[in-house]
Amino acid sequence: MSRAAILGAKNSGKTTIFKIITGIREVKADAQVLGEMKISDRRLAKLSDMHNPKKTTYATIAVSDFRNDGNQAFAFTPQELVKCELLVFVLRLFEDQSIYYPFGDKIDPAREYQELLSEISFKDLEILDKRCEKIKLSMKCAKKNEREVMDAETALCERLKKQLEEGVDIRKTEFTEQEQGFIYYYNLISLKKRLLVLNKNDATPAGLENQTLEMLRKGETNILVFDGKLELEMSELP
């Protein structure tokens, strides 16, 4: 089963999005909440109508929602993100003085996103550091042809580390076939597919929405804007 993780700052509306896509209404106060999202497929529905099977099973995606404790800005488990194919970033675009915002008085979705990417980069740097150390230990008893491969992998690790430290989007980096083989086993979080959800409400200034979209579209293409609270209320109607 494919897996997706919902990420975002505290009070960004992550749990609201989780409820909408999974249909779960009562969410436990656990550090990580799991659910499933059914994938609507008209082709499968049509085949089911034609052949009338005893049971029709739609594809599903396992969804994780990570809960923030106290005033913690972000919360996620790197080991869980490594298992995911898709990261859903929920960015707050709504004003509400009664709800705590971890980045000051001014709503800043673009900053939220960059801060979250930085947290993910730190975790990837740890992965690469461990891999470099392992290569270094293996190099002591390696043969000449093995050393050449290890040297190539070490060079890749160092290049990726430098890019992550400088804030470079490594999804846009071109890799050789050999490098792609190395990267496959790293399973870096920064290379996962992304969907950005801008969670707005009626009070969201049009200027803020347009400005945020303009900034994010410089590096992202999969962006969804909607009113999470309204969508949740609509999903609960008869």
**Request:** Report, by chain and number, residues whose modeled amide H sits under 5 Å from the one on Asp227, excluding near sequence neighbours (fewer than 5 apart, same chain).
**Result:** Lys200
**Item:** Rel. contact order, % - alpha carbon contacts under 8 angstrom, at least six apart, the stretch 1-87
**Value:** 48 percent
**Request:** Could you give the size of the charge dipole of the stretch 56-203 about its Cα centre, using +1 on the Cβ of each K and R and -1 on the Cβ of each D and E, expressed in debye and rounded to the nearest 20?
**Result:** 580 debye
**Prompt:** Of Val225, Val90, Val197, which is the most mobile in a GNM of the chain whose springs link Cα atoms less than 10 angstrom apart?
**Reply:** Val225
**Fill in**
Across Thr176, Thr77, Thr204, the residue with the highest GNM fluctuation in the chain (Cα network, 10 Å cutoff) is Thr176
**Asked** Using the Karplus equation 6.51 cos²θ - 1.76 cosθ + 1.60 (θ = phi - 60°), what ³J(HN,Hα) coupling, rounded to whole Hz, does each residue of the stretch 192-198 give in order, writing x for Gly and Pro?
**Response** 5, 5, 10, 10, 9, 10, 8
**Asked** In straight Cα distance, which lysines are under 25 Å from Lys46, not counting same-chain residues fewer than 8 positions off?
**Response** Lys38, Lys54, Lys55
**Message:** Restricting to DSSP H runs of at least four residues, report the calculated mean residue ellipticity at 222 nm for the chain, -39500 (n - 2.57) per run over all residues, nearest 500 deg cm²/dmol.
**Reply:** -14000 deg cm²/dmol
**Complete:** Result for the stretch 1-153: accessible area per residue, probe 1.4 angstrom, in square angstrom, of 60 Å²
**Within a Gaussian network of the chain (alpha carbon springs, distance under 10 Å), most fluctuating of Leu224, Leu81, Leu137** = Leu137
**Asked** Given a 1.4 Å probe and every protein chain left where it sits, what share in percent of the accessible area of the chain is carbon and sulfur?
**Response** 50 percent
**Asked** Which one, (i) -0.31, -0.49, -1.09, -1.27; (ii) -0.25, -0.41, -1.10, -1.37; (iii) -0.39, -0.60, -1.10, -1.23, gives log10 I(q)/I(0) by the Debye sum over Cα atoms at q = 0.07, 0.09, 0.15, 0.17 Å⁻¹ as derived from the coordinates shown?
**Response** (i)
**Asked** Counting alpha carbon pairs within less than 8 Å and at least 6 residues apart, what relative contact order, in whole percent, applies to the stretch 104-238?
**Response** 27 percent
**Item:** Estimated vicinal HN-Hα couplings, Hz - the stretch 174-184 in sequence order (Karplus 6.51, -1.76, 1.60; Gly, Pro = x)
**Value:** 8, 10, 6, 4, 5, 5, 4, x, 5, 4, 3
**Asked** For Lys162, what is the net charge nearby, where nearby means another residue's Cβ is under 14 Å from its Cβ and Lys, Arg count +1, Asp, Glu -1?
**Response** -4
**Item:** DSSP loop trypsin sites (Lys or Arg not before Pro) with at most 12 other Cβ within 10 Å excluded, longest remaining stretch of the chain
**Value:** 144-216
**Complete:** Taking a crude spin-label model, label points 7 Å out from Cα along the C-beta direction, the Asp96 to Thr221 distance in nm is 3.3 nm
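The values are calculated or read from the model by the stated rules, or taken from the named source; none is laboratory data. Since the model is a prediction, treat every value here as computed from it, not as a measurement. Glycine also receives a Cβ, built like all others from the backbone with ideal geometry; neighbour counts cover every protein chain displayed. The area values use the complete protein model at the heavy-atom level, side chains included, leaving out ligands, DNA and RNA. Shrake-Rupley method; radii C 1.70, N 1.55, O 1.52, S 1.80 Å.
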